[in-house]
Amino acid sequence: MGKILAITNQKGGVGKTTTAVNLAASLAAMKRKVLLVDLDPQGNATMGSGIDKRACKQTVYHLLLGLAEVGDVILQTPSKHDILPANRELAGAEVELVDEENREVRLKRALAKVAERYDFILIDCPPALNLLTLNGLVAADAVMIPMQCEYYALEGLSDLVQTVKRLRQHLNPKLEIEGLLRTMYDPRSTLALQVANQLQQHFGDKVYRTVVPRNIRLAEAPSYGVPALEFDKTSKGAQAYLQLAGELLRNQEKQAAQA
Ligand code: ATP
Ligand code: MG
């Protein structure tokens, strides 16, 4: 059974999609079978994986509304992971599902049918705690939280931690925090250092050792529809996500040994 990770933070522009695409590519490069789920109507993870979102006839939208089977929506990307693509149509899902029963378990049910085929399923959530994100959090085994080390980051984080706790009480008792990922990190910034320290005090070893630096290659790669690994393998950004993939695999081995 694949491990299902929701990459989430209700704050916008913190590196969720960059993490989803580059981690998917890195795990695939390490011979793991990966499905990336684009749960954002912006469709950035879809485009960043080299799939034209406008050309997708079947998307996560059709999946959530029960208009398509999961196997028919999955596409192969040039970067060797699979994807459930999304485009702006997905923005309508929330309204259209409003009267439907079990509307927050739609994704979970769809993924259950294919989870056996994958080592990892990574879900790129939109920047909101809405019904789409809720579907991601209900489907997931754990959340990965990318964040920028700035003052307001900690405030948003406590809301997210509360949400995870509430989900555990009702909709998803097994939901864990896999880890917090420092993104766009600038070690010359005193504030970044202070926030990183506070993070470690609060969350201890839940903070990944891997730090993703601010790196222009990570920002450039999506416009070519490729992950940084393919665009410039030697860049600090590509290397950081390879390191993160390694850390994730080691954590899994540790967890398996303890179980
Ligand atoms: P949204 O909340 O809108 O979905 P997001 O959290 O998915 O945003 P990204 O789209 O991954 O964030 O990143 C926001 C912007 O920052 C993008 O232009 C991206 O290319 C850039 N970016 C992300 N990570 C880095 C990095 N480590 N170094 C430099 N630029 C980065
Ligand atoms: Mg995004």
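Data table
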quantity	calculated
Cut-off under 5 Å, modelled amide H: who pairs with Ile177 long-range	Val143
Mean Cβ neighbour count within 10 Å, used as a protection proxy, ranking 66-75, 32-41 highest first	32-41, 66-75
Heavy-atom accessible surface of the chain: percent carbon and sulfur, 1.4 Å	49 percent
Within the chain: Cβ-based charge dipole about Cα centre, in debye rounded to nearest 20 (Lys, Arg +1; Asp, Glu -1)	680 debye
Note, ³J(HN,Hα) from phi for segment 44-53, Karplus 6.51, -1.76, 1.60, rounded to Hz, x at Gly and Pro	5, 5, 5, 4, x, 9, x, 10, 6, 5
Mean-position separation - Cα centroids, segment 109-149 and segment 1-42, in angstrom	8 Å
Where the chain is the region considered: accessible area per residue in Å², 1.4 Å probe	48 Å²
For the chain, calculated [θ]222 nm from helices alone, where every DSSP H run of n ≥ 4 adds -39500 (n - 2.57)	-12500 deg cm²/dmol
In nm, spacing of pseudo-spin labels at Glu176 and Val95 (7 Å Cα→C-beta vector)	4.0 nm
Environment charge of Ala86, counting only residues whose C-beta is closer than 12 Å and scoring Lys/Arg +1, Asp/Glu -1	-1
Partners for Lys233 among aspartates and glutamates (Cα-Cα distance below 16 Å; same-chain residues under 8 apart left out)	Glu220
5 angstrom amide H check on Ile123, placed H, neighbours 5+ away	Leu5, Ala6, Ile7, Val37
Cα-projected label distance for Asp72 with Lys57, points at 7 Å along beta-carbon direction, nm	0.9 nm
Around Gly136: net Lys/Arg minus Asp/Glu count, Cβ-Cβ under 12 Å	-2
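The values are calculated or read from the model by the stated rules, or taken from the named source; none is laboratory data. Keep in mind that this is a model prediction, so the values were computed, not measured. Reconstructed Cβ throughout: ideal geometry from the backbone, glycine too, with neighbour counts over all protein chains shown. The area values use the complete protein model at the heavy-atom level, side chains included, leaving out ligands, DNA and RNA. Shrake-Rupley method; radii C 1.70, N 1.55, O 1.52, S 1.80 Å.
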